[in-house]
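So the structure is just underneath, and the comments pick up after that.
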Ligand code: HH2
């Protein structure tokens with residue numbers, strides 16, 4: 001299975017991509033405020049590349065439960081110096097921009113980004129055109145409602161089936177709007193309008209989503225459902241061990257891209273899980 005992101009094509013049958021998170025925000029749930037300064041954000045990007053990140057995901061808007069939208073102008077003000085620095089220092093690094101705004105996506109692609117990570121799966125009507133014209137990679141994520149409202153209703157008749165149905169529909173909508181399937185990765189949106197039980201069930205039933213035929217991106221890193229399971233009460237940075245377990249489960253169940261805060265540790269966990277997945281294939285003949 002391939003994922004085309006402008007001039008870069010990832011072959012993902014026997015490989016897992018680790019996407020390192022850099023939130024250029026004052027308020028993200030785990031790293032809010034740490035990388036708002038462009039110099040600090042760039043230093044973090046360098047660190048994550050050195051740790052083995054295959055993709056850097058830069059976000060300028062927190063999407064934690066209850067958060068309000070950040071205007072496009074403010075997102076761009078935060079992102080522009082970081083993207084310019086990366087283009088100067090690491091032009092070959094694959095940069096993704098985590099935004100729901102077509103305007104921010106267009107400016108970021110103009111500054112060298114190769115992927116648009118849209119947690120709203122094309123709610124901005126101009127987004128598909130922007131991605132299509134650039135030939136960029138696109139992440140389509142499932143979310144019920146908006147970050148502001150998504151935790152109001154987390155009850156589903158069958159969460160995995162609903163997520164699969166919505167993602168299939170968004171994949172078709174992207175194709176109809178000019179973004180072919182080989183540019184798209186799909187994401188169940190762990191924690192986005194899901195209960196802790198729902199997020200866990202999706203992890204357990206990931207093969208049903210892998211059956212949609214596109215690379216699956218899974219973002220469990222440091223999320224609160226892990227703390228519910230482990231009983232960890234401290235800050236999100238203390239959820240690394242639980243995050244690694246979740247990452248390994250995701251890979252064993254078919255994930256192709258892991259969106260994480262802790263790159264070096266996840267690279268190692270993913271290698272073990274990927275080897276187990278390959279061994280299972282061999283054993284199954
Ligand atoms: N999770 C977050 C943000 N963006 N994008 C995708 N595709 N999948 C995810 O699971 C996902 C995402 C939330 O994590 P984080 O960026 O660390 O926090 P915040 O939204 O508070 O900035």
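Computed from the coordinates by the stated procedures, all read-outs in this text should not be read as laboratory data. These figures come from a predicted structure and were not determined experimentally.
Structure summary
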| read-out | value |
| --- | --- |
| Expected-Rg normalisation [2.2 N^0.38 Å, Cα atoms] applied to segment 217-285 | 1.17 |
| Measure of compaction for segment 54-132 (Cα Rg per 2.2 N^0.38 Å) | 1.03 |
| Cα-Cα P(r), segment 1-141, percent of pairs per 10 Å interval | 12, 46, 35, 7 |
| Fraction of alpha-carbon pairs over 25 Å apart in segment 120-268 - percent | 29 percent |
| For segment 130-189, average projected area of the Cα convex hull in nm² | 4.5 nm² |
| Rg [Å, one decimal], Dmax [Å, integer] - the chain, C-alpha atoms | 17.4, 54 |
| Helical mean residue ellipticity (222 nm; -39500 (n - 2.57) per DSSP H run of 4+; nearest 500) of the chain | -13500 deg cm²/dmol |
